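Structure first, then comments.
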Amino acid sequence: MRIVQFNRANRAEAIAAVRPCLDIPRWFEVIVDARPFASLDALLDLARRAAEPFTQSEIDAALTHHPRIGERAQGSGAEARFSTVEQAGLGASNGDIEHALRAGNLDYEEKFGRVFLIRAAGRDRAEILAELRRRMASDPATELREIAGQLREIALIRLRAILVD
């Protein structure tokens, strides 16, 4: 969708376009209600600012749409397609790393009570495993800020993918 089309779309169509980028109603409503945008950069700037800060309940709700790293997203909607493409870019599978990621995901969930979230785009499995291990040393408040940052990165990448100048 071009930014011009996004600007002209009715509210429901505009929400449907950006919701798969990050399913946090406050966030996508701010973006949709701020139209028209002069450029994609202007939209991305607002999207970044609207994501500061996310509440814990917003983060928890958004995480329900994200599969574990290394697992296939459920469903066939736009969010699942985004996740599949993002994780497909992780490179060739390595048994030892896959095993360590599975175990790390479970350890993370046990410690923090939520799925481990990281921007997969532009990373390989070894880098993700290193980040998972680093973040396991975080306290819950620090990790919540880290997740919020990862959600922002993912949302902006997805917005850039669906909207063009």
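The values are calculated or read from the model by the stated rules, or taken from the named source; none is laboratory data. None of these values were measured; they are calculated from a predicted model. Cβ sites come from the backbone with ideal geometry, for glycine too, and all protein chains shown count toward neighbours.
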Open item on the list: What pairs come out if I take residues in the stretch 32-60 that are among the acidic types (Asp, Glu) and pair them with residues that are not in a loop (DSSP other than H, G, I, E, B) whose C-beta lies under 7 Å away, six or more apart or interchain?
Closed with: Glu58/Arg26
Task: Residue match in the stretch 95-104 (condition: farther than 19 Å from Pro67 by Cβ and part of a helix (DSSP H, G or I)) - done: yes
- [ ] Only residues that are outside any helix (DSSP H, G or I), out of contact with any strand residue (DSSP E or B) (no Cβ under 8 Å at 6 or more places or on another chain) and of a type in the set (A, V, I, L, M, F, W, C): list them for the stretch 116-165, please.
- [x] Phe116, Leu117, Ile118, Ala120, Ala121, Met136, Ala137
Open item on the list: Here is a check on your reading of the model: is Val85 modelled with pLDDT of 90 or more and part of a helix (DSSP H, G or I)?
Closed with: no
TODO: Specify which of the listed residues (Arg145, Arg152, Arg119, Arg135) is crowded, with 18+ Cβ neighbours inside 10 Å, at pLDDT 95 or above, over 16 Å from Ile31 (Cα atoms) and charged (D, E, K, R).
DONE: Arg135
Open item on the list: Being touching a helix residue (DSSP H, G or I) at 6+ places or on another chain (Cβ under 7 Å) and aliphatic (A, V, I, L, M) is the filter here; which residues of the stretch 105-127 pass it?
Closed with: Val115, Leu117, Ile118, Ala120, Ala121, Ala126
Open item on the list: Here is a list: Glu52, Glu58. Which entry is within 25 Å of Val115 (Cβ to Cβ), under 17 Å from the mean Cα position of the chain (by Cα), modelled with pLDDT under 95 and not small (Gly, Ala, Ser)?
Closed with: Glu52
Open item on the list: Can you tell me which residue is nearest to Leu151 (Cα to Cα) among those in the stretch 1-31 that are surrounded by fewer than 20 Cβ atoms within 10 Å (Cβ to Cβ), out of contact with any strand residue (DSSP E or B) (no Cβ under 8 Å at 6 or more places or on another chain) and among the β-branched types (Val, Ile, Thr)?
Closed with: Val30
